[in-house]
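Enquirer: My structure is below; once you've seen it, I'll send some questions.
The values are calculated or read from the model by the stated rules, or taken from the named source; none is laboratory data. Small disclaimer: the values here were computed from a predicted structure and weren't measured. Cβ atoms come from the backbone with ideal geometry, glycine included; neighbour counts cover every protein chain shown. SASA here: full protein model, heavy atoms, side chains in, ligands and nucleic acids out. Shrake-Rupley method; radii C 1.70, N 1.55, O 1.52, S 1.80 Å.
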Amino acid sequence: MSRTFLVFAESRDGKLRQVAFETLSAARASAEAGDQVLALVVGSGASSIAGELAAYGADSIYTIEHSDLNQYNPEGYFAAVKKAIDETKPDAVLFGHTAIGRDLAPLVAASLQAGQISDVTAISRSGSDVVFTRPLYAGKAFEKRSFTSSPWVVTVRPNNIQAPAPDSGRTASVTALTYPAPSLRTIIKEVVKKTTGKIDLSEAKIIVSGGRGVKSADGFKPLEELADVLNGAVGASRGACDAGYCDYSLQIGQTGKVVTPEVYIACGISGAIQHVAGMSQSRIIIAINKDPEAPIFKIADYGIVGDLFEVVPLLTAEFRQVLN
Ligand code: FAD
């Protein structure tokens, strides 16, 4: 019997996020021939961006447009996802493991009395079972899990499951659903953005991260220059945030953001386990530290023992030459 997978395709500021395509890819990896992969996009302008999802593997697309959905609020978004679930009766619902997905998925799982597997980094098969891999203990171990019954709910860690190459020949039906308009118990009065026009840390392919070793807010400037040249984002350890060198929105780690870029450059970061919890799944880790015994070198693919204030500007100059 064919199954139906519903993907919550996350968008921001009228654009689909990369994680939306990766979540579609995860649904495709879980599906078998004959299964249907559906996508849901919400918010004003959803119908104008929905079509893009066909090229990435959606068989049918649902949109729900309403001003309540322009900013994330759990009640409104839950009502919208529930509407799509009631309409499509999916066997599985998939979200990105983002701030929104982490909040919304458990609400959906509870309402469906479904099992949930969170923070999935890989999907494989064992006979007819779909097997989900997720990291444990700050990436020191992995577990593989399967569901014993449906429906099920999954969240997919950004930057891990590759989005498919778009196939512009694919088409999908787009259906507008009506927003159920629940009376919201909380409303958003204003969103004050701390970082504007910068690359989102959780989606950045390259992250240049600074620790207490940068010594001051000014000490982050060479790191920002390197990140600019590499078209990357700047992150930080909690040590740097606690010292007031940068905003907590940059914090990576157990109590900060979990990132999986292709390249993570740790500058003046010792490599405490709580920091490593947020970046150990990066594809390539480069550490710059003047202490050759710093624990960060144990997990680094490349290590530079030296003063970051000498090494980082040299790297920036070199990359500027190579990339221009
Ligand atoms: P330090 O440990 O002080 O390291 C600074 C490093 O810079 C040193 O290795 C030093 O050799 C090097 N250095 C100094 N000067 C230079 C220079 N000029 N050039 C090159 N290298 C230089 N931490 C996080 O990062 N993220 C979290 O989410 C997080 N959550 C936590 C949760 C809990 C419950 C607890 C208890 C702690 C948490 N921490 C977290 C804090 C963590 O334990 C460490 O204290 C923190 O990561 C240290 O930050 P750091 O590496 O920048 O500083």
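Enquirer: So which of 77, 137, 72 ends up being out of contact with any Pro (no Cβ under 6 Å at 6 or more places or on another chain) and on the phi > 0 side of the Ramachandran plot?
Expert: 137 is the lone residue from the list that is out of contact with any Pro (no Cβ under 6 Å at 6 or more places or on another chain) and on the phi > 0 side of the Ramachandran plot.
Enquirer: What pairs come out if I take residues in the stretch 230-243 that are under 17 Å from residue 270 (Cα atoms) and without any contact (Cβ under 8 Å) to a residue 60 or more places away in the chain and pair them with residues that are near the ligand (Cβ under 6 Å from one of its atoms) and open to solvent by 10 Å² or more (accessible area, probe 1.4 Å) whose C-beta lies under 6 Å away, six or more apart or interchain?
Expert: That search, which allows pairs on different chains as well, returns 236/251; 237/275; 238/251; 239/212; 240/212; 241/251; 243/212.
Enquirer: For the stretch 293-304, does any single residue satisfy the condition of being in a loop (DSSP other than H, G, I, E, B), closer than 19 Å to residue 136 by Cβ, more than 9 Å from the ligand (Cβ to nearest atom) and open to solvent by 30 Å² or more (accessible area, probe 1.4 Å)?
Expert: No, there is no match, as no residue in the stretch 293-304 is in a loop (DSSP other than H, G, I, E, B), closer than 19 Å to residue 136 by Cβ, more than 9 Å from the ligand (Cβ to nearest atom) and open to solvent by 30 Å² or more (accessible area, probe 1.4 Å).
Enquirer: Restrict the check to the stretch 10-25 and report whether at least one residue is open to solvent by 20 Å² or more (accessible area, probe 1.4 Å) and farther than 21 Å from residue 202 by Cα.
Expert: No: zero hits.
Enquirer: In this structure, is residue 62 over 21 Å from residue 119 (Cβ atoms) and in contact with an Asp or Glu (Cβ under 9 Å, 6 or more places away or on another chain)?
Expert: Taking the combined requirement at face value, the residue satisfies it.
Enquirer: Can you name the residue in the stretch 151-199 that is open to solvent by less than 70 Å² (accessible area, probe 1.4 Å), at pLDDT 90 or above and among the polar types (S, T, N, Q) and is also farthest from residue 111 (Cα to Cα) among such residues?
Expert: 173
Enquirer: Now for a separate question. Taking only the stretch 246-265 into account, find how many residues are buried (at least 23 other Cβ atoms within 10 Å of the Cβ) and near the ligand (Cβ under 8 Å from one of its atoms).
Expert: 3
Enquirer: Is it the case that some residue within the stretch 201-213 is surrounded by fewer than 18 Cβ atoms within 10 Å (Cβ to Cβ) and either over 23 Å from the mean Cα position of the chain (by Cα) or among the hydrophobic types (A, V, I, L, M, F, W, C) (or both)?
Expert: Within the stretch 201-213, not a single residue is surrounded by fewer than 18 Cβ atoms within 10 Å (Cβ to Cβ) and either over 23 Å from the mean Cα position of the chain (by Cα) or among the hydrophobic types (A, V, I, L, M, F, W, C) (or both).
Enquirer: Let me ask you something else. Criterion first (in contact (Cβ under 8 Å) with a residue 12 or more places away in the chain, near the ligand (Cβ under 6 Å from one of its atoms) and in a helix (DSSP H, G or I)) does residue 274 satisfy it?
Expert: yes
Enquirer: Name the residues in the stretch 174-216 that are within 14 Å of the ligand (Cβ to nearest atom) and either basic (Lys, Arg) or part of a loop (DSSP other than H, G, I, E, B) (or both), would you?
Expert: 211, 212, 215, 216
Enquirer: Residues to consider are 314, 223; find the one that is touching a helix residue (DSSP H, G or I) at 6+ places or on another chain (Cβ under 8 Å) and in a helix (DSSP H, G or I).
Expert: 223
Enquirer: Here's a follow-up. From the list 287, 217, 277, 243, which residue is aliphatic (A, V, I, L, M) and either open to solvent by 70 Å² or more (accessible area, probe 1.4 Å) or under 18 Å from residue 198 (Cα atoms) (or both)?
Expert: Residue meeting the stated conditions: 217.
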